[in-house]
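The numbers here are math on the coordinates, done by the rules we state, and not lab data. From a predicted model like this one, the values you see are computed outputs, not experimental measurements. Virtual Cβ from ideal backbone geometry, glycine too; neighbours counted across all protein chains shown.
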């Protein structure tokens, strides 16, 4: 009986039950008819004969029921038998079982962990109402610049007025605010100032209280606030009567009107409160401010993203004509919310998924090889069972049951590994991976794992089972038959090893590229000296410090006090710390140089600093002078960086020249100094033109203090906090970090990616070398007899060594060759994740191949050495 | 027919029905009634296998891969399901025959012992 007819009978039992039933009815019917005829032949009349036949049969339905029970019972019985037998035979070889289960658990666990990340981040829909209709709206440069630029309030108001594609539209302004009220110290929190339609746009309403009313989104009525669930719990002690109470934000009393559900957030999960933005349609924002808003909108049902994009393109065109100075070459970009959140993270998730799939394939190849070896050892048992009447299908099913049992055991352990691994992922993952906190092992993930385990079991079990279920009875049963592998099995085994080596190589090359890229990233010259620098932010509340000179004085006095702390070398302050993602940009022109058309002026990073900032940060002065105490608001001077000097004053001395930042239309400033370039937005980004103003020129109320110490800077934290409290006991400080921590955080994501891929590559390397070792060890043992003969005939140990090692290394080299070819194709998908190395980086390919070859050599050498230690006399007797 | 008789038959057949069916089919393919008639013949009327136990046994043995079944024509042109032995069935018959002979020998000598 073949596997197929067996499978067919199973199928008949389940899906074609009706057909079986009909056949059974016919079969029993025939029996009754034939019996009736037989009885008539014996002399009964037809009526008597039929009655007698019916009595003898004893009820057609009863017979059918018996048959059904028998069949079912048989299927169940063999199934239970297979499982019991399988478990017993697995337990009899605990070493084999443990090795296989661990290998599978690593593979399945890694897949489960990464799949749960993908499930949480990519697949699960966003926690908003009808999230598929939510889109982000950006301004975009039509000349190929930034495609997701923040928005001018004037443009936002016009979009809202003119477009018809959206149900709701809301503008969002991310700010920091000082929160007092409830329990605890005053605290600087992240807050979002939003239009009244914000919560309807996202389709989420407060769990307590209400959303903002349209009239609260107007100047004069905007003193209300909605709290995040978290801040309601931590700061306000989960007060059930919170709605209607007061909180102080930036020194002004606001009424708490609502609390959002737990986990609700928009783009930034650190935001703790929402307040009305209160844009005033009567104000001409185009003249008074730049672009700083983000916008989110809800499409009307049935309106596609393309339709909305088309409509907005028309509106953008009109606005371009109406406001040529502000809007020339600015378009509108509609980005689906899901794409906005996960677009950036997708490539690495795909790479990681491929990586874990490879790890699992290697594990499969490994276990398949283990099974082949074991099947060889079990050949006698199998042959015996075959001789005793077990069909091939029965043997096959038995062995597949064992494989699937193994895979399920591996899967169970793998889920444990994954749960543990996900906890690590969340604990050590950078906080800018979107939705990382939403990851969990849920039913979907468990279903995935179960399916993967089953498929895995079938995958690695099938080939060895097919192989072993066809034992050569004569050979295997012969007393003293060596149970040796046939040539075909050997070839299979070698093919698995080659596959393992090449898969491992692809993974190692991927990891190698990431590591090299990360090393490049770390060795980027930042332009400043990050060692021994402590930074922190202070945001002064407008109510307490309404006058510019109060703000300037606060930071001046704070710096003076901090400078007296022993161990402080220099202390300065800047409006936006490098590498924190926050920047301020504007366009500029150079009087006397041909000016470009409106909207095409070059951009420049704008920073405000106190005099000692450059000293504290370790940025060199290249030319001229730094800013100092004499540079008050009226002294119209600024510093430029080296890039600006080189790009816009190529062959002239910039000192003494004029430069106008289109900031507030107050005219040009004189360049008094040139300072060194620094990496501003990210380590991967080349320096941009930048200017520095003195603090009195533009008195930012929020500044980052930069403190250079003679030694370990983080030790100064308490002393610095004490000095600030001495100046103003209610003033909170936040984001206390060393500059090295700032850098580390800015590259947390590539570090994390590199770490993950390296772990998977490491697992792959271990699995592949264990696999290689196993096969080499097995074939060395198999060849003991042959080695004995060779040595008896005069082969030296080194001859034997060459023979055995050479064999293994040939497989390794073949695997490496295939791996390199595959890598050349596959690493391309990683290109966007790499910095400073190409996806086909020769040193990485060469280095990684060498490492793998080295490990393979060791895995070959150990069994080979054992083979040479064989005493020829014993070896010849070894049967 | 009393219940006691039924039980007795079932018990006895538990071990031997399979063997009898295999033996009955060893000469030629047979349909259901053919199998029970043949068993009745070769056991000289000792065993009269009723459909209630015959069909479950046939189907169980088909499932085990000892028998295969085909639809064919009966001696008086009726469509009937014919069973025959597979290779595994033939081996099973040999094994069970050996087993049975060993057991009956053992039981016999045990009963003869004083």
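Using a 10 Å cut-off on Cβ to Cβ distances, tally the other chain neighbours for every residue of A:24-32 and report the average as a whole number. Display every interim value, and only then the final one.
Working: counts 3, 0, 4, 11, 4, 3, 9, 11, 3.
Shielding by partners across A:24-32 averages 5.
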Practice item. Within the range A:608-644, find all residues whose amide N lies under 20 Å from a label point positioned 7 Å from the Cα of residue A:664 along Cα-to-beta-carbon. Key: A:608-611, A:627-640
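Within 10 Å of each residue's Cβ, count the other Cβ atoms and sort A:653, A:217, B:18 from fewest upward.
Details: A:653 12, A:217 22, B:18 19.
Starting with the residue having the fewest Cβ neighbours, the order is A:653, B:18, A:217.
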Study note, to complete from the structure: Extension length gain for residue A:176 and residue A:710 (0.36 nm per residue less Cα distance), in nm, is 189.1 nm
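Mind sorting A:549, B:59 by how few other Cβ atoms lie within 10 Å of their own Cβ, fewest first?
Working: A:549 13, B:59 23.
Lowest count first: A:549, B:59.
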Check your understanding: Just the C-alpha atoms of the range A:746-879: what Rg/Rh do they give, with Rh taken as the Kirkwood radius?
Key -> 1.16
Study note, to complete from the structure: Using alpha carbon centers only, the range A:799-872 is separated from the range A:358-382 by a whole-angstrom value of 22
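With r defined as the distance between the Cβ atoms of residue A:313 and residue A:629 and R0 fixed at 56 Å, what FRET efficiency is calculated, to the nearest 0.05?
Details: r = 51 Å, r/R0 = 0.92.
So, using R0 = 56 Å, E works out to roughly 0.65.
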Check your understanding: Label-point separation (nm) for residue A:26 and residue A:185, each offset 7 Å from Cα along Cα-to-Cβ?
Key -> 8.8
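Can you order the peptides A:633-643, A:91-101 by their average number of other Cβ atoms within 10 Å per residue, highest first? Each step should come with its number before you reach the end.
On the way: A:633-643: 19.5, A:91-101: 14.8.
My ranking of the peptides, most packed first, is A:633-643, A:91-101.
Roughly speaking, what is the stretch gain from residue A:547 to residue A:132, that is 0.36 nm per residue apart minus the C-alpha to C-alpha distance, in nm to one decimal? Before the final figure, lay out the partial values.
Numbers: separation 415, 0.36 × 415 = 149.40 nm, distance 4.65 nm.
Stretched out fully, the residue A:547 to residue A:132 stretch lengthens by 144.7 nm.
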Revision key, fill the gap. So for R0 = 30 Å, FRET eff. of residue A:42-residue B:79 from the Cβ-Cβ r, to 0.05, ends up at 0.80
Practice item. Along Cα→Cβ, 7 Å out, is where each label goes; now give me the distance between the ones at residue A:61 and residue A:462 in nm to one decimal. Key: 4.4
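What FRET efficiency comes out for residue A:283 versus residue A:735 if R0 is 25 angstrom and r is the Cβ-Cβ distance? Round to the nearest 0.05.
The value I calculate is 0.20.
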Practice item. Return one number: the angle in degrees, 0 to 90 and rounded to the nearest 10, between the long axis of the Cα atoms of helix A:346-377 and the longest principal axis of the Cα atoms of chain A. Key: 20
Point to revise | Cα centroid separation - the range A:143-222 against the range A:84-122, whole Å | key: 48
Exercise for review: Determine the calculated [θ] at 222 nm for chain A from helices alone, applying -39500 (n - 2.57) to every DSSP H run no shorter than 4 residues and normalising by the residue count; nearest 500 deg cm²/dmol.
Suggested key: -17500 deg cm²/dmol
Review point. What nm distance separates the two modelled labels at residue B:101 and residue B:87, each placed 7 Å from Cα along Cα→Cβ?
Key: 2.4
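Within a 10 angstrom radius of each residue's Cβ in B:61-71, how many Cβ atoms of other chains show up on average? Whole number is fine.
On the way: counts 2, 4, 12, 6, 11, 3, 1, 2, 3, 0, 4.
For this peptide, the per-residue mean of nearby foreign Cβ atoms is 4.
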**Study point:** Cα long-axis angle, helix A:842-868 against chain A (0 to 90 degrees, to the nearest 10)
**Key:** 30
Exercise for review: Give me the percent of Cα-Cα pairs in the range A:217-373 that sit more than 21 Å apart, rounded to a whole number.
Suggested key: 70
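Please order A:672, A:296, A:632 by the number of other Cβ within 10 Å, starting at the fewest. Could the numbers behind the result be given before it?
On the way: A:672 20, A:296 25, A:632 12.
Ranking A:672, A:296, A:632 by Cβ neighbours within 10 Å, fewest first, gives A:632, A:672, A:296.
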Check your understanding: Could you give the length gained on full extension between residue A:384 and residue A:221, defined as 0.36 nm per residue of separation minus the Cα-Cα distance, in nm?
Key -> 49.7 nm
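Let me confirm one metric for peptide B:48-60, namely the mean number of other chain beta-carbon atoms within 10 Å of its residues' beta-carbons. Kindly include the intermediate steps, with their values, before the conclusion.
Values: counts 1, 0, 4, 16, 9, 3, 5, 10, 11, 3, 3, 10, 8.
Rounded to a whole number, the mean comes out at 6.
Compute and list, largest first, the equivalent-ellipsoid semi-axes of chain A from the alpha carbon gyration tensor, each √(5λ) rounded to a whole angstrom. Let's see the in-between values first.
Working: eigenvalues 982, 318, 117 Å².
In descending order, the three semi-axes are 70, 40, 24 Å.
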